[in-house]
Amino acid sequence: MSYLTARTSRDLVVAANQELTQEWWDACRADFDLVISEFVSREAAAGDADAAARRMKVIAPIPELSVTNEVGKLARGLIENVPLPPKAQIDAFHIAVAAVHGVEYLLTWNCTHINNAVIRPRIESMCRSKGFEPPIICTPQELLGT
């Protein structure tokens, strides 16, 4: 949500990602049933109070998926077996919530621990080994024009 609501960055790559995120939000979001988790809510509420308020306003109408025991088990499996580093534990929970609830797409600009060509097949394999179909992990740019 930060790319959607933040002031335009001076970093050209970040600014381009912000623009693509805004374009997807304006043109495509109505084509999808948006959901979030409590982890997204926590991340949105953190940091600068004004920026957090803008993020919280955007996510307020979006339904929040529950964090179940299955989510916790899958997240631990991702952390231990993908493996994801300790600093990426929340990333494992984002993936697990989506997989357990049958979410089709997981949109993210996190190309380090979530949308990573090397890690993604391991994530998919772990989800399937636990009986869940993994979400399609992609950036908003990849869903533009759908």
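Derivation of every value follows stated rules applied to the coordinates shown; laboratory data play no part. These numbers come from a predicted model, not from an experiment. Every residue, glycine as well, gets a Cβ built from its backbone with ideal geometry; the counts of neighbours run over all protein chains shown.
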In a Gaussian network model over the chain where Cα atoms closer than 10 Å are linked, find which of 60, 52, 75 has the largest mean-square fluctuation.
60
Where the centroid of each part is defined by its Cα atoms, how far is the stretch 78-146 from the stretch 12-61 in Å?
18 Å
Determine which aspartates and glutamates satisfy two conditions relative to residue 87: a Cα distance under 16 Å, and not lying fewer than 8 residues away in the same chain.
43
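Please give the net charge around residue 91, taking every other residue with its beta carbon less than 15 angstrom from that of residue 91, where Lys and Arg add +1 and Asp and Glu add -1. Mind dumping the intermediate values first?
Numbers: positive: 42, 76, 87, 120, 122; negative: 38, 43, 80, 124.
Result for the local shell: +1.
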Return the single residue from 54, 120, 42 with maximal mean-square fluctuation; model: Gaussian network over the chain, springs between Cα atoms under 10 Å.
42
Might you report the magnitude of the Cβ-based charge dipole of the stretch 66-143 about its Cα centre, with Lys and Arg at +1 and Asp and Glu at -1, to the nearest 20 debye?
240 debye
In the neighborhood of residue 27, defined by Cβ-to-Cβ distances under 15 Å, what is the net charge if each Lys or Arg adds +1 and each Asp or Glu adds -1?
-4
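Can you pull the Rg over Rh of the stretch 2-59, Cα-only, Kirkwood? It would help to have the intermediate numbers written out before the result.
Values: Rg = 12.0 Å, Rh = 12.3 Å.
Using only Cα positions, Rg/Rh for the stretch 2-59 is 0.98.
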